[in-house]
Amino acid sequence: MNLEVLERPAGAAMAQRLASQGQRLEAYKAAFASHQRNMAGLNQLQDALDGQYEHNFTNGLGGYYRTDDVSFDPASLQGNWRRIEPFGP
């Protein structure tokens, strides 16, 4: 019996399993990196809306404007700003 012939398919199968595991690992790494970016964005949002200001506005693109000035007009800012409620103190 030729052992070399038997080893090649086993080696090829092992290589295929390792490649598949490597692909799964890369997919998990990408998912984790995406999760980290999402959490960083949430932390920034919570910091921006910490309840320290009476009037809070967003442009919907990640920009926030906060003020205690009751006469502030968001139309004075460039872009489309809308009022939002803070998370609380």
Item to check | Length added when fully stretched, Leu25-Asn59, from 0.36 nm per residue minus Cα-Cα | outcome: 8.5 nm
Checklist outcome for this item: Around Phe32 (Cβ within 13 Å, Cβ-to-Cβ, excluding Phe32; K/R +1, D/E -1) the net charge comes to +2
Checklist entry - Could you give me the ³J(HN,Hα) list for the stretch 75-81, computed from phi with Karplus coefficients 6.51, -1.76, 1.60 and θ = phi - 60°, whole Hz, x at Gly and Pro? => result 5, 6, 8, 6, x, 10, 9
Checklist entry - Ordered by residue, what ³J(HN,Hα) values in Hz, to whole numbers, does the stretch 60-73 give under the Karplus form 6.51 cos²θ - 1.76 cosθ + 1.60, where θ = phi - 60° and Gly and Pro are x? => result x, 10, x, x, 10, 10, 10, 7, 9, 6, 5, 8, 5, 10
Checklist entry - Which net charge results when you count Lys and Arg as +1 and Asp and Glu as -1 among the other residues whose beta-carbon is under 14 Å from that of Asn59? => result +3
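Each reported figure results from applying straightforward, stated rules to the coordinates on display, with no laboratory input. All figures in this text were calculated on a predicted structure; none of them were measured in a lab. Cβ sites come from the backbone with ideal geometry, for glycine too, and all protein chains shown count toward neighbours.
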